[in-house]
1. Identify the residue in the range 179-231 that is within 23 Å of residue 162 (Cα to Cα) and part of a helix (DSSP H, G or I) and, among all such residues, is modelled with the highest pLDDT.
2. Can you tell me which condition residue 240 does not meet? The list is (1) in contact with a strand residue (DSSP E or B) (Cβ under 8 Å, 6 or more places away or on another chain); (2) surrounded by fewer than 21 Cβ atoms within 10 Å (Cβ to Cβ); (3) closer than 20 Å to residue 11 by Cβ, and all the others hold.
3. State which residue is nearest to the chain's Cα centre (by Cα) when the search covers only the range 139-170 and only residues that are assigned to a helix (DSSP H, G or I) and under 27 Å from residue 227 (Cβ atoms).
4. Can you work out which of the residues in the range 7-32 that are more than 26 Å from residue 208 (Cβ to Cβ) and touching a strand residue (DSSP E or B) at 6+ places or on another chain (Cβ under 6 Å) is surrounded by the fewest Cβ atoms within 10 Å (Cβ to Cβ)?
5. Examine the range 195-212 for a residue that is buried (at least 20 other Cβ atoms within 10 Å of the Cβ) and closer than 23 Å to residue 126 by Cβ, and state whether such a residue exists.
6. Out of 67, 122, 90, report the one residue that is out of contact with any strand residue (DSSP E or B) (no Cβ under 8 Å at 6 or more places or on another chain) and at pLDDT 95 or above.
7. Residue 52 fails exactly one of the following numbered conditions: (1) touching a helix residue (DSSP H, G or I) at 6+ places or on another chain (Cβ under 8 Å); (2) crowded, with 16+ Cβ neighbours inside 10 Å. What is the number of that condition?
8. When you check residue 112 against the structure, is it closer than 22 Å to residue 145 by Cα and either crowded, with 19+ Cβ neighbours inside 10 Å or within 15 Å of the chain's Cα centre (by Cα) (or both), yes or no?
């Protein structure tokens, strides 16, 4: 990988795993574009990391607002010129999600709007900037809950976590990642699907057994190591994950 400073955009980076990834990549020498929907929280998060001596700039973007994404892309194009690493980290898990027979359909739709459609919209808006990088890569933050193999295994440790909105949106994200990897196979851009693991964040009421430092580990590895994994693969801290 080039010794030039890498430019990395992380969506949903004002807190949780995204914020810790921003911190770790900043410490690794990346120029971090900290993406967040809420301008106040995003700017405060960027200020915190700049206070630690890191090269971080806040970028306002909303995955549900195509005008916001277009504005962010234009701003990055004017300021940085390209993106080396796009980390699609923003995601939601909403109250009302659950089994097929009982889930609130509005919660399911809103989950898909962010986790799936929003990620595709962000990728479409920012991909031209990734194509301007000599060593571009796209990391889609998924979950083992999106694995059909794990969901079909009653002995899996999280077999009881059946949320049709969240699990299915991550499974759909996995599929779009495989298709994107194929689409970009001749461009030199690598596409990775990454499961950070069950990490204590606001997403799950801080119930996960992992720390945010541990949750950031695989994402940072994929963002910094040239041959961390084949394009189109699905990995986590424990290694390759089944589709």
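1. Within the range 179-231, the match that is modelled with the highest pLDDT is 215.
2. Status for residue 240: all satisfied but (3).
3. The residue in question is 170.
4. 31
5. Taking every residue of the range 195-212 in turn, at least one turns out to be buried (at least 20 other Cβ atoms within 10 Å of the Cβ) and closer than 23 Å to residue 126 by Cβ.
6. Numbers: 122 fails: out of contact with any strand residue (DSSP E or B) (no Cβ under 8 Å at 6 or more places or on another chain); 90 fails: out of contact with any strand residue (DSSP E or B) (no Cβ under 8 Å at 6 or more places or on another chain).
Going through 67, 122, 90 in turn, the sole match is 67.
7. Evaluating residue 52 over (1) touching a helix residue (DSSP H, G or I) at 6+ places or on another chain (Cβ under 8 Å); (2) crowded, with 16+ Cβ neighbours inside 10 Å leaves (2) as the failure.
8. Here the answer is yes, as residue 112 does meet what is asked.
The values are calculated or read from the model by the stated rules, or taken from the named source; none is laboratory data. What you see is a predicted model, and the numbers here were worked out from it, not measured in a lab. A quick note on method: Cβ atoms are made from the backbone with ideal geometry, for glycine too, and the neighbour counts reach across all protein chains shown.
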